[in-house]
Amino acid sequence: MSTSLRRELRRKALHLTGLTIPAFYIAFGREFTLTFVALSFALFVVLEPFRIIEEFRDKIKLRLRLINPDMVAGVEILERQVHTIERSHERDGVAAHIYFALASLIVIYFFDRSTAIAAITVATLGDAMAAIVGVRFGRHRFKNGKSLEGSLAYFTTAFLVIYPLLGPVMAFFGALTGMLTEFYELPPDDNFSNQLAVALVIYLLSVL
């Protein structure tokens, strides 16, 4: 297994924890899930300076070392693991999980149950499959580094997710929208724009 594939698998394993959101929505309902996502988002924001600002991180570790040196060793191991899966633009900027949590919060609040579950699941599974298939099997590359194989993996995954929830028409256009959003990495981050784009297209189709 190549280093790049191992790195992508580690990153996507963490990314797949996003499936807890649609799972909670199905099991516990909208209000519980909104609260869970809102609290997660707030926690991510509070912890973000620790991830980005090295000086701040060093001060915290210095204080922890006086309390429990073993805790510092654990923090440094976690630091190294996070560093190996970060994208280059995340090292000095907002991390993907913050964008993902914010988008999930918006989608759950503004859209209906099936649309929210579909959009969040597609953004999680579709992105993971596109990345893994693209790294492992991608042979036909575009200028932005994406592959035809990865994009087709995204589309297929997204279609299979949306179809049982909303039917074939929604599945086709939702999958196509998600695939294109992931391919072009629409700003500010595809972890944000992917969910919103899929949810918005499904909503617009439902009112036409």
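What the table below lists for this structure:
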| item | result |
| --- | --- |
| Residues of the range 153-207 classified as polar (S, T, N, Q) and touching a Pro at 6+ places or on another chain (Cβ under 9 Å), total | 1 |
| Close pairs from the range 135-162: first farther than 22 Å from Gly174 by Cβ, partner of a type outside the set (A, V, I, L, M, F, W, C) and not in a strand (DSSP E or B), Cβ under 6 Å, at least 6 apart | Val135/Ser4; Val135/Glu8; Phe137/Glu149; Gly138/Glu149; Gly138/Gly150 |
| Within the range 1-34, tally of residues that are surrounded by fewer than 16 Cβ atoms within 10 Å (Cβ to Cβ) and at pLDDT below 70 | 10 |
| Residue in the range 145-163 that is within 25 Å of Thr35 (Cα to Cα), modelled with pLDDT of 95 or more and surrounded by 17 or more Cβ atoms within 10 Å (Cβ to Cβ) present | yes |
| Residue within the range 48-62 that is under 12 Å from Ala101 (Cβ atoms) and either in a helix (DSSP H, G or I) or modelled with pLDDT of 90 or more (or both) present | yes |
| Members of the range 35-47 found to be of a type in the set (Val, Ile, Thr) and at pLDDT below 95, listed by number | Val45, Val46 |
| Residue match in the range 174-181 (condition: over 16 Å from the mean Cα position of the chain (by Cα), touching a residue at least 12 places away in the same chain (Cβ under 8 Å), under 16 Å from Asp112 (Cα atoms) and buried (at least 18 other Cβ atoms within 10 Å of the Cβ)) | yes |
| Residue list for the range 99-116, restricted to those being surrounded by fewer than 21 Cβ atoms within 10 Å (Cβ to Cβ) and aliphatic (A, V, I, L, M) | Leu105, Ile106 |
| Members of the range 127-144 found to be surrounded by 20 or more Cβ atoms within 10 Å (Cβ to Cβ) and within 14 Å of Tyr184 (Cβ to Cβ), listed by number | Asp127, Ala130 |
| Hey, Val135 modelled with pLDDT under 95 and over 17 Å from the mean Cα position of the chain (by Cα) or not | yes |
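The values are calculated or read from the model by the stated rules, or taken from the named source; none is laboratory data. None of the values given here were measured: they were computed from a predicted structure. Using ideal geometry, Cβ is built from the backbone for each residue, glycine included, and neighbour counts are taken over all protein chains shown.
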